[in-house]
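Undergrad: Below is the structure I would like to discuss, written out as structure tokens.
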Amino acid sequence: MRVLLVEDERRLAELIKGGLAGEGFAVDIAHDGRDGLWMASENTYDVIVLDVMLPRMNGYTVCSRLREAGDWTPIMMLTAKDGVHDEAEALDTGADDYLSKPFSYVVLLARLRALVRRGGRERPVSIAVGDLTVDPAGLRCRRGEALIPLTPKEFAVLYGLARRVGEVVSKGDLLAQAWDFAYDGDPNIVEVYISALRRKIDLPFGRRSLVTVRGAGYRLDEKG
Ligand code: CA
């Protein structure tokens with residue numbers, strides 16, 4: 001099991017490395033964001049542990065660069081504060097899980113093992129919903145010929161709806177799919193992403209394909 005640990009606090013990095021090595025993980029350490037991005041691009045890891053506050057390039061940027069490059073290695077983000085903003089941002093840049101500092105080593109180990117078990121994300125084929133194309137491999141979305149830039153988390157919500165086009169998908173299902181088990185914050189965060197999606201995939205095109213079904217969830221319509 002090969003782990004890349006990107007952490008600028010050298011003592012903490014050595015402690016984590018020592019602990020993980022004792023569990024049979026092979027651990028490479030990068031002390032800043034640029035080195036971390038380079039090492040992640042050059043080597044293959046089973047999981048990446050990525051601090052947010054890093055010199056030269058922060059963890060959010062490292063994570064989104066990797067995802068943009070099509071690298072879906074599971075990423076565990078180490079956030080500095082335990083605020084919903086940080087958590088949402090970590091997941092929004094394409095991290096699979098996050099842990100707020102300070103964390104217990106036992107929890108880190110358990111969560112890393114769970115991440116590795118789950119493996120990389122599924123990479124299914126494009127889905128067409130009317131003239132809307134949702135391409136999960138490239139995280140790309142188009143309305144007709146127009147390319148619509150989405151964040152990874154907006155994309156995950158849209159993809160959850162596109163997979164079940166014409167059906168009502170509950171907020172809980174969208175949460176479970178787009179946030180995995182790790183998100184235990186406010187489920188109303190889904191509404192924030194639905195609104196953002198409407199502003200991107202519907203409003204500019206005079207469409208109403210993303211429908212709120214009161215008390216039940218959301219539906220993506222082919223003709224809307
Ligand atoms: Ca740091």
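Undergrad: Compute a Gaussian network model of the chain, connecting alpha carbons closer than 10 Å, and tell me which residue from VAL190, VAL106, VAL52 fluctuates the most.
TA: Residue with maximal mean-square fluctuation among VAL190, VAL106, VAL52: VAL106.
Undergrad: Can you pull the Kirkwood radius for the chain, inverse mean 1/r over Cα pairs, to one decimal in Å?
TA: 18.3
Undergrad: With N set to the residue count of the stretch 163-218, report its C-alpha Rg divided by 2.2 N^0.38 Å to two decimal places.
TA: Dividing the Cα Rg of the stretch 163-218 by 2.2 N^0.38 Å gives 1.16.
Undergrad: Let me ask something else. Report, to the nearest whole %, how much of the accessible area of the chain belongs to carbon and sulfur atoms, 1.4 Å probe, protein only.
TA: 51
Undergrad: So if R0 is 35 Å, what FRET efficiency would ASN58 and ARG214 give, r being the distance between their Cβ atoms, rounded to the nearest 0.05?
TA: 0.30
Undergrad: Could you pull the accessible area for VAL165 with a 1.4 Å probe, rounded to 10 Å²?
TA: Here the accessible area works out near 60 Å².
Undergrad: Would you give the gap between the C-alpha center of the stretch 57-72 and the C-alpha center of the stretch 184-207, rounded to a whole Å?
TA: Taking the Cα centre of the stretch 184-207 as reference, the centre of the stretch 57-72 is 23 Å away.
Undergrad: Mean-square fluctuation check for the chain, GNM, Cα pairs under 10 Å: which of GLY185, GLY59, GLY206 is largest?
TA: GLY206
Undergrad: Next up: Could you tell me the convex hull volume per residue, in Å³, taken over the Cα atoms of the stretch 2-118?
TA: So the per-residue Cα hull volume is 90 Å³.
Undergrad: Further question: With +1 on the Cβ of every Lys and Arg and -1 on the Cβ of every Asp and Glu, and nothing else charged, how large is the dipole of the stretch 2-118 about its Cα centre, in debye rounded to the nearest 20?
TA: 260
Undergrad: Note down the relative contact order for the chain as a percent, whole number, built from C-alpha pairs under 8 angstrom at least six residues apart.
TA: 13
Undergrad: Skipping prolines and chain starts, which residues have an amide H placed within reach, meaning under 5 Å, of the one on ARG140, given they are 5 or more residues away or on another chain?
TA: Here the answer is ASP135, since their amide H atoms fall under 5 Å of that of ARG140.
Undergrad: For SER170, SER126, write out the residues from largest to smallest accessible area, computed with a 1.4 angstrom probe and no ligands counted.
TA: SER126, SER170
Undergrad: Once you've got the GNM for the chain with C-alpha springs shorter than 10 Å, pick whichever of LEU161, LEU15, LEU50 has the biggest mean-square fluctuation.
TA: The residue that fluctuates most here is LEU15.
Undergrad: A further question follows. Between MET1 and SER100, what is 0.36 nm times their sequence separation minus the Cα-Cα distance? Round to one decimal in nm.
TA: 33.3 nm
Undergrad: So what is the 222 nm mean residue ellipticity for the chain from helices alone, if each DSSP H run of at least 4 adds -39500 (n - 2.57) and you divide by all residues, rounding to the nearest 500 deg cm²/dmol?
TA: Helices in the chain give a 222 nm mean residue ellipticity of -11500 deg cm²/dmol.
Undergrad: Here's something else I'd like to know. Along Cα→Cβ, 7 Å out, is where each label goes; now give me the distance between the ones at VAL107 and GLU167 in nm to one decimal.
TA: 3.5
Undergrad: If I fit a long axis through the Cα atoms of helix 33-42 and take the longest principal axis of the Cα atoms of the chain, what angle between them do I get, 0 to 90°, rounded to 10?
TA: Helix 33-42 sits at roughly 80 degrees to that axis.
Undergrad: Additional query: Rounded to the nearest 10 Å², what accessible area does PHE155 have for a 1.4 Å probe in the complete protein model?
TA: Probe radius 1.4 Å; accessible area of PHE155 about 10 Å².
Undergrad: What accessible area, in Å² to the nearest ten, does a 1.4 Å probe give for MET1?
TA: Roughly 110 Å² of MET1 is accessible to a 1.4 Å probe.
Undergrad: Can you give the relative contact order of the stretch 135-224 as a percent, counting alpha carbon pairs under 8 Å and 6+ residues apart?
TA: 30
Undergrad: Moving on. Using a 1.4 angstrom probe on the protein heavy atoms only, line up ASP96, ASP71 by accessible area, largest first.
TA: Highest to lowest solvent-accessible surface, that is ASP71, ASP96.
Undergrad: On average, how much accessible surface per residue is there in the chain, in Å², for a 1.4 Å probe, leaving out ligands, DNA and RNA?
TA: Spelled out: the 1.4 Å probe surface of the chain, per residue, equals 48 Å².
Undergrad: Where nothing but the Cβ of Lys and Arg (+1) and of Asp and Glu (-1) is charged, how large is the charge dipole of the chain around its Cα centre, in debye to the nearest 20?
TA: It works out to roughly 660 debye.
The values are calculated or read from the model by the stated rules, or taken from the named source; none is laboratory data. Small disclaimer: the values here were computed from a predicted structure and weren't measured. So basically every Cβ, Gly included, is an ideal-geometry build from the backbone, and we count neighbours across all protein chains shown. These area figures cover heavy atoms from the full protein model, side chains too; ligands, DNA and RNA do not enter into them. Shrake-Rupley method; radii C 1.70, N 1.55, O 1.52, S 1.80 Å.
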